[in-house]
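What follows is a single structure, written as C-alpha cells, with notes after it.
Throughout, read-outs are computed from the coordinates displayed, never taken from laboratory work. Not measured: the values here are computed from a predicted model. As a convention, Cβ positions derive from the backbone with ideal geometry for all residues, glycine included, and neighbour counts pool all protein chains shown.
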Amino acid sequence: MRLILSYAKLGPMAFIAHLDFQQLWWRIFRLAGITLQLTQGYNPRPKMRFASPLATGFQGERELLEVFLGEGEQNVVGRLNSIMPQGLKVLTATEVPLAFPKVTALVD
C-alpha cells in the first residue's frame, strides 16, 4: 500500500535536521506498530520519500511524505498522531496507486 501523508512541522520540530527528522519518522512508525516496506539493497531501509526537505529552522504547515506500507494497515493517521511529539502532526493520509507519480514530482 502506498500512502501520501500530509503533515505539519511546527515549533521545536523546526530545529531538527533533515536526516535526524527522517530517523524520527522511522521510529514513529515502529512505535505505532505500522509496518513499512523495506528497500531491496544490501542495507535495507524503510521506503519513504519526502517531497522537499525543509531547511533547519523552518516550519511547514503542509509538508508531504510518501510511504510504502505493509498490506492491511488501518487507521494510520490516528495511530501516528497518538504518539507524535509536540510540533508534529499528521493532517491527512491518501492512498494512491503504484502508477501515481512520485511525491517529489507533485511539488514541482
task: Determine the shape class of the stretch 34-74: with a ≥ b ≥ c the square roots of the Cα gyration tensor eigenvalues, call it rounded for a/c under 1.5, and otherwise prolate if a/b is greater than b/c, oblate otherwise.
output: oblate
task: Using just the helices of the chain, give the 222 nm mean residue ellipticity in deg cm²/dmol: DSSP H runs with n ≥ 4 each add -39,500 (n - 2.57), and the total is spread over all residues, rounded to 500.
output: -6500 deg cm²/dmol
Simple spin-label estimate for Thr39 and Leu98 in nanometres, 7 Å along Cα-Cβ: 1.9
field: Residues in the stretch 64-100 that a label on Trp26 would reach, taking backbone N under 19 Å of a point 7 Å out along Cα→Cβ
entry: 65-70, 84-85
0 to 90° range, to nearest 10: angle between helix 18-32 axis and the chain longest Cα axis: 60
field: For the stretch 2-107, the fraction of alpha-carbon pairs in successive 10 Å shells from zero, as %
entry: 14, 50, 32, 3
